[in-house]
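Quick notes on the structure that follows.
What follows is calculated from the coordinates using simple rules that are stated; it is not laboratory data. Remember, it's a predicted structure, so these values are computed and weren't measured experimentally. In this analysis, Cβ positions are derived from the backbone assuming ideal geometry, glycine residues included, and neighbour counts consider all displayed protein chains.
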């Protein structure tokens, strides 16, 4: 860790649009430095698992900065009068139509420690009951993912089942999506690690039972 001393001399708003940009002037060991910070504040994201269909729910949407369509976990801002967990419950229902049955915090992290003040709270969420049947999807659609893979791969069909082709139509399979953004990669890897740990624990338990 650096021992250099830093003191903020001035903060000023230089852009006030959908997001705000603040210019920060600071003294770094006698040298005056300028930086711009994107003011996004607190946000929330969640990987959603439908316990009834046994599938994960992701959002497919065109993203301007990526200049293309991505498949990601849901994401949104925390309102001023909300706590992050309240926000994620609201967003899940607003964006997918499902009622949240279980919420588990995965982690909290800065998205960019140099150029943004955004702190994202990432959750694992379980749903099974739809409470909004006539939900309108304006610029996005929901994608149901059956299997998560290492490295952020998202399989619409379990790759094991995809090998059992019975007809020509079945051969027209959808290739796996690839998570490209940090929040989705973290979420997928967290779920995968937990699934692996569960499988190992089950194997150990079964081995102990057989040895009795």
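For a modelled paramagnetic label at residue 144, 7 Å from Cα along Cα-to-Cβ, the residues of the range 46-87 in reach, with backbone nitrogen under 20 Å, are 47-61, 71-74. Using a cutoff of 8 angstrom between alpha carbon atoms and counting only pairs six or more residues apart, the relative contact order for the range 38-172 works out to 29 percent. Taking a ≥ b ≥ c as the square roots of the eigenvalues of the Cα gyration tensor, the range 62-131 is classed as oblate, since a/c reaches at least 1.5 and a/b does not exceed b/c. Here the residues 140, 124, ranked from fewest to most Cβ neighbours within 10 Å of their Cβ, fall in the order 140, 124. Here the label points at residue 36 and residue 90, each 7 Å from Cα along the C-beta direction, are separated by 3.0 nm in the simple model. Of 53, 87, 179, 116, the sequence from fewest to most neighbouring Cβ atoms within 10 angstrom is 53, 116, 87, 179. At a Förster distance of 35 Å, what's the computed FRET efficiency of residue 66 paired with residue 24, Cβ-Cβ distance as r, to 0.05? So the FRET efficiency works out to roughly 0.80. Sorting 15, 56 by the number of Cβ atoms found within 10 Å of their own Cβ, with the fewest placed first, yields 15, 56.
Identify the residues of the range 123-156 with backbone N under 18 Å of a label point that sits 7 angstrom from the Cα of residue 52 along the Cα-to-Cβ direction, or state none. So the set is 125-136, 142-146.
The C-alpha atoms of the range 1-69 occupy a region whose extents along the principal axes are 60, 32, 20 Å, arranged from largest to smallest.
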